[in-house]
Amino acid sequence: MVSAPPIAAEPRAAAKKAKKKVKAVPRRQLSFGQRLRRDWPLLLMCLPAMLLLLVFHYVPALGNVIAFQDYNPFVGDDPLEAFLYSEWIGFGNFEYLFKNPAFWDSVVTTLSITAFQLVFYFPIPILLAILLNSIMSPRIRSLVQSVVYLPHFFSWVLVVSLFQMMLGGAGLLAQTVRQAGYTPPEIMTNPDTFMFLVTSQALWKDAGWGMIVFLAALAAIDTSLYEAAAADGAGRWRRMWHITLPGLRSVIVLLLILRLGDALNVGFEQFVLQREMVGREAAEVLDTYVYYQGIAVQQWGVGAAAGLFKAVIGILLIVGANKLAHRFGEQGIYSKS
Amino acid sequence: MSADTAVRPRRNSLRPAWEEKPTLLGQFGKGTILTVVVAAVLVPLWVVVITSLSSEKTINAAGGYVFLPREFDPTAYVVIFSGGQITDAILVSTVVTIAGTALSLFVTVLAAYGLSRPGTLGHKPILFYFLLTFLIYPGMIPSYLVVTGLGMKDNLLALILPTAISAFNLVVLRAFFMSIPGELYDSARMDGAGELRILTRIVLPLSKAVTAVIGLFYAVGYWNAFFNAILYIDRNDLQPVQRVLQQFILAGQSPSTSGAAIAIPGLGSSVPPSLAIKMAVVVVTIVPALVIYPFVQRHFTKGVIVGAVKG
């Protein structure tokens, strides 16, 4: 539920697996049995979490194989039995999917929204953080922070509802405009401007929260750099260009990679909530396609195939984006090792 | 609101000597931007709260949403808390949030502690098992089939168990546990303390703040969950608040209330809910976040998130 960036730390640690030396508990060549006798309570502690993930994460992940089935829930008494008796049809679902224009429409919509938000969403938290960082008064800084972090804790239902109440046909804006004697603009239901709408909603909800990482990076910049640059005659803009932005560089690259790796994820609830209002053409993204194909229309296999397609492309994107980062000399999400 | 103070820096001593004096235009621009940003968040919330506390008459006079508080009329809140679908929903969400957060914290703390010492048996593969969840997603349809296959349709467990573990929270907590000096563990072990004892007597007291933030993350997740309810909950009396909010505000349906409440004008079975009642539902969905937030907020930048970023 927290934005992706902080994940960065651990996969890197996981990659350290390859490098051997981890110094912590001294390992005096204990036998397996001795280690088990020493560590069994720790293993036991991991067990509940592992079981939960097994049942609700890994089993469904494996369950994606129904993408290769003509899955029919009615051939068995429960999903497992139905799975066992359903017919395997190879890539049939994928063939259907790739010939289906609605599927490609949803892919195009998803990618357009990602591209649009890279330009109109991504830079905003960075700019906000730089702006806030330049404010001297700690009181104003913490006041602004407390306020703008808040919407991150609101649900999408609430955010969309608030937008509806402020900008919708019966909302505050329409009410004011109507009282002034004009026709209110159509904001919540206009498919042509839907991309602006979803991006503003995303900004309202998460732009403030997105600052945290950048504020941390800004705080880590050595102030003596600024002092030295100022002594050498660099003005505030040159200092921003030559010190602040380079200081943010690795965080920006990291988040950019994560965003690219996540290109097919533009959020699900936000779109499922507004699909009815603006219509399928504008609001059908891959995730809503999976839902409507798979669960609403009950073409389970096709829906699962679309989901699997998304997952596989997603993994390729992450790996590719990470390669790109290494090429730029950045650390990326996981190190090469 | 913050602009006035932003325009005139009150304490010039905060500005380092080498930095040039701020330009008036720059200060004004910054003040304006920050004021607009803060207002964009606060104004909608203000309007919602004020309208929820207004009487039908004031709302009609204003032509809808109310800006300025004229009165304090809690009718809307009395209505939604006096039985019926909204009361049920609040109960359901409260139960799910409390039970879910307790379960999630319990399981996450245990696993984070179990993984906090590299070099123990199975440490690497188990860690990998958790980290792999970042890369491999379950997929909506198989998840749906698994949950319904376990017979959890129309069961509140369906709103808890599938989202009970966040590997991200686990990793953050683990990173914090690992930063606790090893000598503390060692001396406790010398004294003959078992792992569970070390966890409850030494580790947890030292990590109250992180645990609180992780708890907040989980609680917010449960309280805000909406789509799981669409997938798994059909019964009206088991719907969580987010679902009710969606039905009233976005789909424009009217809530069913118990007999006691129907007498109140504006809430007949077929009449759409009055604006004040709608706004009261919105306020109810916001309030938990507003209440917990100040207690936990100061820990956000300290330690938890920043620590996770630095690795």
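The values are calculated or read from the model by the stated rules, or taken from the named source; none is laboratory data. Remember, predicted model here, so these are calculated numbers, not experimental data. Please note: Cβ atoms are built from the backbone with ideal geometry, for glycine as well, and neighbour counts cover all protein chains shown.
When the residues of region B:147-167 are filtered to those that are more than 20 Å from B:PHE226 (Cβ to Cβ) and part of a helix (DSSP H, G or I), the one that is nearest to the other protein chains (Cβ to nearest Cβ) is B:GLY149.
Just one of the numbered conditions (1) among the small types (Gly, Ala, Ser); (2) in contact with an Asp or Glu (Cβ under 8 Å, 6 or more places away or on another chain); (3) at pLDDT 90 or above is not true of B:ALA158: (2).
Residue-by-condition table, conditions (1) under 24 Å from B:VAL282 (Cα atoms); (2) hydrophobic (A, V, I, L, M, F, W, C):
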residue	(1), (2)
A:SER134	no, no
A:LEU158	yes, yes
A:GLY181	no, no
A:PRO191	no, no
A:THR199	yes, no
A:GLY210	no, no
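Just to be sure before I move on: is A:LEU44 within 36 Å of the chain's Cα centre (by Cα), at pLDDT below 95 and more than 7 Å from every other protein chain (Cβ to nearest Cβ) in the structure I sent? First the steps, then the outcome.
Working: within 36 Å of the chain's Cα centre (by Cα): yes; at pLDDT below 95: yes; more than 7 Å from every other protein chain (Cβ to nearest Cβ): yes.
Against the criterion (within 36 Å of the chain's Cα centre (by Cα), at pLDDT below 95 and more than 7 Å from every other protein chain (Cβ to nearest Cβ)), A:LEU44 qualifies.
Pairs linking a residue in region A:118-136 that is away from every other protein chain (no Cβ under 12 Å) and outside any helix (DSSP H, G or I) to a residue that is among the aliphatic types (A, V, I, L, M) and surrounded by 15 or more Cβ atoms within 10 Å (Cβ to Cβ), with Cβ atoms under 9 Å and 6 or more positions apart or on different chains, are A:TYR121/A:ALA202; A:TYR121/A:LEU203; A:TYR121/A:ALA207; A:PHE122/A:ILE252; A:PHE122/A:LEU255; A:PHE122/A:LEU256.
Given the options A:VAL312, A:VAL302, name the one that is without any contact (Cβ under 8 Å) to a residue 40 or more places away in the chain, farther than 30 Å from A:ALA170 by Cβ and of a type in the set (Val, Ile, Thr). Spell out the reasoning first.
Details: A:VAL302 fails: without any contact (Cβ under 8 Å) to a residue 40 or more places away in the chain.
So the residue among A:VAL312, A:VAL302 that is without any contact (Cβ under 8 Å) to a residue 40 or more places away in the chain, farther than 30 Å from A:ALA170 by Cβ and of a type in the set (Val, Ile, Thr) is A:VAL312.
For region A:274-289, taking the residues that are facing chain B (nearest Cβ under 10 Å) and at pLDDT below 90, the one that is farthest from A:VAL75 (Cα to Cα) is identified as A:MET277.
Just one of the listed residues (A:GLN201, A:GLN164) is within 11 Å of another protein chain (Cβ to nearest Cβ) and part of a helix (DSSP H, G or I), and it is A:GLN164. Taking (1) in contact (Cβ under 8 Å) with a residue 24 or more places away in the chain; (2) surrounded by 18 or more Cβ atoms within 10 Å (Cβ to Cβ); (3) of a type in the set (A, V, I, L, M) in turn, A:LEU52 satisfies each apart from (1).
Annotation: B:LEU45 fulfils all but one of (1) surrounded by 15 or more Cβ atoms within 10 Å (Cβ to Cβ); (2) under 25 Å from the mean Cα position of the chain (by Cα); (3) without any contact (Cβ under 8 Å) to a residue 60 or more places away in the chain; (4) not assigned by TED's automatic domain parsing to the domain that holds B:SER179; the unmet one is (3). Selection within region B:101-132: residues that are closer than 30 Å to B:GLN239 by Cα and more than 7 Å from chain A (Cβ to nearest Cβ). The member of this set that is surrounded by the most Cβ atoms within 10 Å (Cβ to Cβ) is B:SER104. Every condition in (1) in a helix (DSSP H, G or I); (2) touching a Phe, Trp or Tyr at 6+ places or on another chain (Cβ under 6 Å) is met by B:SER116 except one, and the failing one is (1). Hand me the list of helices (runs of 4 or more DSSP H) wholly inside region B:216-311 holding 2 or more residues that are modelled with pLDDT under 80. Correct list: B:259-262, B:275-297, B:305-310. Per the listing B:ILE98, B:ILE33, the residue uniquely in the same structural domain as B:ALA229 (by TED's automatic domain parsing), at pLDDT 85 or above and surrounded by fewer than 19 Cβ atoms within 10 Å (Cβ to Cβ) is B:ILE98.
Give me the residue from region A:64-81 that is at the interface with chain B (Cβ under 8 Å from one of its Cβ atoms) and without any contact (Cβ under 8 Å) to a residue 60 or more places away in the chain and, out of that set, nearest to A:GLY301 (Cα to Cα).
The first filter runs over region A:64-81 and keeps only residues at the interface with chain B (Cβ under 8 Å from one of its Cβ atoms), leaving A:64, A:66, A:73, A:78-80.
Pick out the ones that are also without any contact (Cβ under 8 Å) to a residue 60 or more places away in the chain and you get A:78-80.
On the way: A:ASP78: 16, A:PRO79: 13, A:LEU80: 14 Å.
Going through the qualifying residues, I end up with A:PRO79.
Here A:PHE74 fits the description: over 28 Å from the mean Cα position of the chain (by Cα) and not in a strand (DSSP E or B).
The condition of being in the same structural domain as B:ASN228 (by TED's automatic domain parsing) and surrounded by fewer than 22 Cβ atoms within 10 Å (Cβ to Cβ) holds for only one of B:LEU145, B:LEU135, B:LEU170, that being B:LEU135.
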